[in-house]
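**Q** If you scroll down you'll find the structure; I have some questions about it.
Read-outs: derived from the displayed coordinates by stated rules, not from any lab. Remember, predicted model here, so these are calculated numbers, not experimental data. Virtual Cβ from ideal backbone geometry, glycine too; neighbours counted across all protein chains shown.
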Amino acid sequence: MKKVHAVTACIIVLFVILLSFVLTSLNMAPETEEVRTLGKFFLENSYFGDYSAMSPEVVTSILWDYRGLDTIYETSVFFLAIISSLALFRLGNTIESEKHSEDSGPGLSFIVKGIVKLVSVMIIAVSASIALHGHLTPGGGFQGGSALAVVPLLVIVAFSKFALEDLGFTKDRAMVVRSLSLVGIALVALFPLLYGAYIMQNQPIFPARIGGQLTSGSLILYNIFEYFAVGAGFTAVFLLLATPEKIFKKLLGVKKE
Amino acid sequence: MIVEFLWSIVIISILGATVISLYGIARRPSLIKKLIALTILTDSANLLAIMVGYRLIYPVAPPVLPRLTEEGLKEFLATAVDPLPQALVITAVVIGMAVNILIAFAIIQIYRIYGTTDVRKIAKVIKNEGS
């Protein structure tokens, strides 16, 4: 580390401490002992109350019920970004068919491969639990899907991209799963219109309990669809990222190494 | 008093991280470092939003109902933090992750074509190709 960097770091730390001291002595720190009125409304209403979402998890009920349209638009931004990434890295059909011949090498040791096999099953179980309990405990579709996407990443590192594709998890299939899940989200969002209710309305339309288990109406459906959509979207991205560099170099016509 | 002081330190540190990340985005020539600075900016903005919803009391609880009874609700209201900033932040986190993926893909493609991620060198190459 250069001397200049150390001096800069010291100045920044001193500045932070000094400024917080001034802030404290002038009593200017923001008051944060009470929840704001809007937050209180959500806390009171998420399970009990007149505008109930029948979910003890207040964040999930805001995410998929009270402010559900926000989340729908957020999901569309997320998938537009993934589609743009796939468009940036698109491969021609001819090159994709001949890529398998370049597969070579013995791969990593059996210890790594064995551990990855074990851990993958555990990750799938944990991520499914995160997604399916999203309406009861902290967690949900996004978090579970992100955890699920770790499995293809591990398999790509320990075995190879081609091992994953031989198992049937190709990029195109991931895109199909992703699109089907998006259609599922849209259908669940539009379903209340059949009963003359609002778009994305949850409570009187969807059953809050199924077989005595609390399912919080549409929240569990959204979480499941989002789980598959996010997991499949990330799988497609990771598969493209793992494509050998040679193929892209050939495709782009880059000559220098 | 000491609690307020520590609280102020946290807030000022987050603001400081925001300023440093803005410097990184504007002044670092490498695209990778710009991306890293952008993620720091996103994270400090998210952390600031979470701080706004936090409560300086003890004990403090996450916004998840511990028991499904009416009596538990009063106790829950006294301790639970504001859920709205958390719901907004999870939206922001996911969008931030997607945008980061897109930027990373673009940077990789730029590196493949130009052989560098230094914006000054890329500008020079583009200028030479144009003339």
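**Q** Which order do the peptides A:135-142, B:107-114 take when ranked by the mean count of other beta-carbon atoms within 10 Å per residue, highest first?
**A** A:135-142, B:107-114
**Q** Can I ask one more? Going by average Cβ density within 10 Å per residue, which order do the peptides B:120-128, A:13-21 take, highest to lowest?
**A** Result, highest mean Cβ count within 10 Å first: A:13-21, B:120-128.
**Q** Also, I was wondering about something else. What does the charge add up to near B:P59, with Lys and Arg as +1, Asp and Glu as -1, over the other residues with Cβ less than 14 Å from its Cβ?
**A** -1
**Q** Also, I was wondering about something else. Per-residue Cβ counts within 10 Å, from other chains only, averaged over B:52-59: what number is that?
**A** Mean shielding count: 3.
**Q** Can you pull the mean other chain C-beta count within 10 Å for peptide A:15-28?
**A** 5
**Q** Between Rg and the Kirkwood Rh of the stretch B:2-130, both from Cα atoms, what is the Rg to Rh ratio?
**A** With Rg and the Kirkwood Rh in hand, the quotient comes to 1.19.
**Q** When you count, for each residue, the other Cβ atoms within 10 Å and take the mean per peptide, how do A:150-157, B:41-48, A:5-12 rank with the highest first?
**A** Going by the mean number of other Cβ atoms within 10 Å, highest first, we get A:150-157, B:41-48, A:5-12.
**Q** Here's another thing I want to ask about it. Please average, across the residues of A:55-67, the number of beta carbons from any other chain that are within 10 Å of each residue's own beta carbon, and give a whole number.
**A** Taking the mean over all residues of the peptide, I get 5.
**Q** Which listed residue (A:I210, A:G253, A:T170) has the Cα farthest towards the positive end of the charge dipole for chain A, taking +1 on Lys and Arg C-beta and -1 on Asp and Glu C-beta about the Cα centre?
**A** Of the listed residues, the answer is A:G253.
**Q** With a/c under 1.5 counting as rounded, go ahead and sort chain A into rounded, prolate or oblate using the C-alpha gyration tensor (a ≥ b ≥ c being the square roots of the eigenvalues; past the cut-off, prolate if a/b is larger than b/c, else oblate).
**A** Note, shape of chain A comes out oblate.
**Q** Still on this model: Each residue of the stretch A:235-250 in turn: what ³J(HN,Hα) in whole Hz from Karplus with 6.51, -1.76, 1.60 and θ = phi - 60°, glycine and Pro shown as x?
**A** Those phi angles translate into 4, 4, 5, 5, 4, 5, 5, 8, 4, x, 5, 4, 4, 5, 4, 5 Hz.
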